[in-house]
Amino acid sequence: QVHLVESGGGLVQPGGSLRLSCAASGTIFSTNYMGWHRQAPGKQREWVAGISSGDFTNYVDSVKGRFTISKDNAKNTVYLQMNSLKPEDAAVYYCSAAIRIRPDDPYDDYWGQGTQVTVSS
């Protein structure tokens, strides 16, 4: 059983910062790609950022230069540092991870339950 738990969401003023965390727990042999996604009310969920096992990162254009994704392999945790937040960044943020439970298993995708980010003055 694998669980992803996000934390760090909250209310922040425009221009402010938040740091989201997502910790994976359970039976984990290895973790491959990890990512952050968001879903605003009335909109489809969109991919925001991702980080590979080799620490290659990529971002959706709307957050480049403002958000930074990183990870701590020892803690099976991925982070999203969000700076210069805008009202349009407000959404429920979800993390995902491709995790292999046993050496011979394929990687399966797991999702967290989401954390709310509100950007408002």
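The figures follow:
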read-out	value
Whichever lysines have a C-alpha closer than 17 Å to that of LYS43, once near sequence neighbours (fewer than 8 apart) are set aside	LYS86
Fraction of antiparallel bridges per DSSP, the chain only, in percent to nearest 5	95 percent
Environment charge at GLU88 (Cβ cut-off 11 Å; Lys +1, Arg +1, Asp -1, Glu -1)	+2
With all protein chains modelled, accessible area of ILE101 [1.4 Å, Å²]	40 Å²
Pairwise FRET efficiency - GLN81 versus THR27, Cβ, R0 = 22 Å, nearest 0.05	0.15
Dipole in debye (nearest 20) - the chain, about Cα centre, beta carbon charges: Lys, Arg +1; Asp, Glu -1	260 debye
With every protein chain in place, the chain: carbon and sulfur % of accessible area (1.4 Å)	48 percent
Accessible area (Å², per residue) of region 8-121, counting only protein heavy atoms and a probe of 1.4 Å	53 Å²
Span from the region 1-58 Cα centroid across to the region 64-112 one, whole angstrom	3 Å
FRET efficiency, 1/(1 + (r/R0)^6) with R0 41 Å, evaluated for LYS43 and ASN73 via beta carbons	0.80
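The values are calculated or read from the model by the stated rules, or taken from the named source; none is laboratory data. Source: prediction; values computed, not measured. Reconstructed Cβ throughout: ideal geometry from the backbone, glycine too, with neighbour counts over all protein chains shown. Protein only, heavy atoms only, side chains kept; ligands, DNA and RNA dropped before computing areas. Shrake-Rupley method; radii C 1.70, N 1.55, O 1.52, S 1.80 Å.
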